[in-house]
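The structure under discussion appears below in the form of structure tokens.
Just so it is clear, none of the values below were taken in a lab; they were calculated from the coordinates. For clarity, every value in this text was computed on a predicted model and none was experimentally measured. Cβ placement follows ideal geometry from the backbone for every residue including glycine, while neighbour counts extend to all protein chains displayed.
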Amino acid sequence: MRRAALWSTLLLAVLVAPEAGAQGLDLRIGGFLPKMRDCRIPSSEAAEYTLFQDVCELYSVDKGAFDGVYGGGEYSHVVAKNVEASIHLDGYTKTVDTFYRDYTRPDGSDIFQSLRLRTAPLGVSLRFVPTSKRVRFAPFVGGGVDAVFYQYEESGDFIDFQDPDYTIYGDHFIDDGVAFGLHAFGGLRLYVNRDFAIVGEARYLWSAKDMGGDFAPTEPGFVNRIDLSGWTWTVGVHARF
């Protein structure tokens, strides 16, 4: 409830900000580096795994495998001296081809799968820009909240671990939903003229959720928890109007 209230308050600040305040539009592109760990090192905490526990325990996924292109846009409005409120929508998608780490077919060949993650963070932020409008270099910091729309899929050949013979079968599994999260960021605007700047930004997102769909719990006490946290590094442009 606290996250939802904060999200609503910041969104309202963007929508009802005074007309006299300067407005801005950002377009950016860069990379998303999901929270990763070395899958070859066991962990007792499911949330510490890459995406979720099965990805590390079952599949041959290397650290950095889900790093991918990230980009989007942001609308901002000055709501107080040196303070902007903004709303953004970004997107990321990555497909990783993999195979079972410790299992093979009877003939010794690998059992292949494709893992795909898509995310679209929709969020609101407050940005502090501690400079005047006449400077060329304008550093900034800020933070906010997100609703991360996501879809995670696995397709290919899988082992039925409930079958003593470990039967191999083809299938497609999917889970989608919304995970709420928090983000913090910092960056720099390099103004080419009074109303146009080149922007570099680093941002970290904290977001996780218990999975449903085809990854919903199948027995009491068992939960697949997907972790969508990670760094984004972007460059882009900012237009002030």
| field | Extension gain (nm, one decimal) between Val178 and Tyr166, 0.36 nm per residue minus Cα-Cα | value | 0.9 nm
| Total formal charge among the other residues, if their Cβ is under 13 angstrom from that of Val237, Lys/Arg +1 and Asp/Glu -1 | -1
| query | Hey, what do the phi angles of the stretch 162-173 turn into as Karplus ³J(HN,Hα) couplings, whole Hz, using 6.51/-1.76/1.60 and θ = phi - 60°, x for Gly and Pro? | reply | 7, 8, x, 8, 6, 4, 9, 9, x, 6, 9, 10
| query | Using the alpha carbon gyration tensor of the stretch 197-240, what are the three equivalent-ellipsoid semi-axes (square root of 5 times each eigenvalue), largest first, in whole Å? | reply | 38, 9, 6
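Output the relative contact order of the stretch 104-241, whole-number percent, from Cα pairs under 8 angstrom with separation of 6+ residues. Intermediate results must be reported in sequence, preceding the final value.
Details: 301 pairs, mean separation 27.8, N = 138.
It comes to 20 percent, rounded to a whole number.
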| query | Which value results for Rg/Rh of the stretch 99-239 when Rg is the Cα radius of gyration and Rh the Kirkwood radius based on the inverse mean 1/r? | reply | 1.19
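Taking K and R as +1 and D and E as -1, what net charge do the other residues with C-beta under 9 Å from the C-beta of Leu25 add up to?
Numbers: positive: Arg240; negative: Asp26, Glu74.
Once positives and negatives cancel, what remains is -1.
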| request: Identify all lysines with a Cα-Cα distance to Lys35 below 24 Å; exclude those on the same chain that are fewer than 8 residues away in sequence. | output: Lys63, Lys94, Lys209
| Selection from Ser207, Phe185, Tyr152 lying farthest towards where the dipole of the stretch 134-208 points positive, charges on Cβ | Phe185
